[in-house]
Amino acid sequence: MKNTKHKTSKFWNNLYKKNEIFWDLCAPTKPFLDLISYLNLEGKKVFIPGCGNGYDVIEIARLGAQVYAVDFAEIPLNNIRNNSDFKNLNIKLIKSNIFELKQIFSEKFDYVFEYTCFCAIDPSDRKKYRDLIYRILKNSGKFISLFFPILKPENNVGPPFGVNLDKTLKLFKNNNEFKLLSIHKEINSNPERKGNEVLVVLEKNG
Ligand SMILES: C[S@@+](CC[C@H](N)C(=O)[O-])C[C@H]1O[C@@H](n2cnc3c(N)ncnc32)[C@H](O)[C@@H]1O
């Protein structure tokens, strides 16, 4: 029978409890830092799904954005709350399954920043994930994703589940829902992930 434990908050919270957070780089995502240095995020509404310990949440909020960070595991959300900068920044922490987000989040965001949430969800939920990103972005809103691990076959055991780049771009461009603005392969990746991730910027077609 197929293992679906990774669909539960308990599975992820336990990994945080046991400190088996092999994905956690303990720092903001460098390819995002390089990209956001060109963006004016002041006052912009930004959504971060599966935010984990929230290094990007803090960094993007420091640039003046209103950041809505979602995770269904309690421990990383508490870790963000305990960051000394948290109370001075415009951050809303939402403890929820991303697939159960309320209607009030529809067409609300200028940007979504995604790193290692897409590979954490079950591949059978990827269409649902695409629909979620489409729903919550404003028209012309940008989905900025560092897709990882692009070298791992999709049907191998996960998480992380492999990300086939061509198939994933097709998924987002399906029915013209998103327009591909740029793909960046020469990026400042963590050395262990070099060549195994790609930065993609997609725009919601309104
Ligand atoms: C691999 S971790 C990545 C965390 C963070 N993005 C990072 O790069 O450090 C995946 C995160 O997504 C969360 N997550 C997985 N599925 C989720 C879902 N359906 N709804 C909300 N959060 C989810 C997990 O609790 C976990 O914190």
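The values are calculated or read from the model by the stated rules, or taken from the named source; none is laboratory data. Since we're looking at a predicted model, the values are computed, not measured. Quick reminder, even Gly has a Cβ in these numbers, built from the backbone with ideal geometry, and neighbours come from all protein chains shown.
Within segment 115-132, which residues are more than 21 Å from Lys10 (Cβ to Cβ), surrounded by fewer than 17 Cβ atoms within 10 Å (Cβ to Cβ) and either in contact (Cβ under 8 Å) with a residue 24 or more places away in the chain or among the β-branched types (Val, Ile, Thr) (or both)?
Lys127
Which residues, counting only those in segment 133-161, are surrounded by fewer than 21 Cβ atoms within 10 Å (Cβ to Cβ), in contact with a Pro (Cβ under 9 Å, 6 or more places away or on another chain) and either in contact (Cβ under 8 Å) with a residue 40 or more places away in the chain or in a strand (DSSP E or B) (or both)?
Matches in segment 133-161: Pro149, Lys152, Gly158, Pro160.
Can you go through Val57, Val46 and tell me which one is buried (at least 24 other Cβ atoms within 10 Å of the Cβ) and either of a type in the set (D, E, K, R) or assigned to a helix (DSSP H, G or I) (or both)?
Val57
Can you tell me which residue among Leu202, Leu169 is in a helix (DSSP H, G or I) and either at pLDDT 95 or above or among the charged types (D, E, K, R) (or both)?
Going through Leu202, Leu169 in turn, just one is in a helix (DSSP H, G or I) and either at pLDDT 95 or above or among the charged types (D, E, K, R) (or both): Leu169.
Of everything in segment 40-60, what is more than 19 Å from Cys117 (Cα to Cα) and free of Cβ contacts under 8 Å to residues at least 60 places away in the same chain? Give them in sequence order.
Asn40, Glu42, Gly43 - these are the residues of segment 40-60 that are more than 19 Å from Cys117 (Cα to Cα) and free of Cβ contacts under 8 Å to residues at least 60 places away in the same chain.
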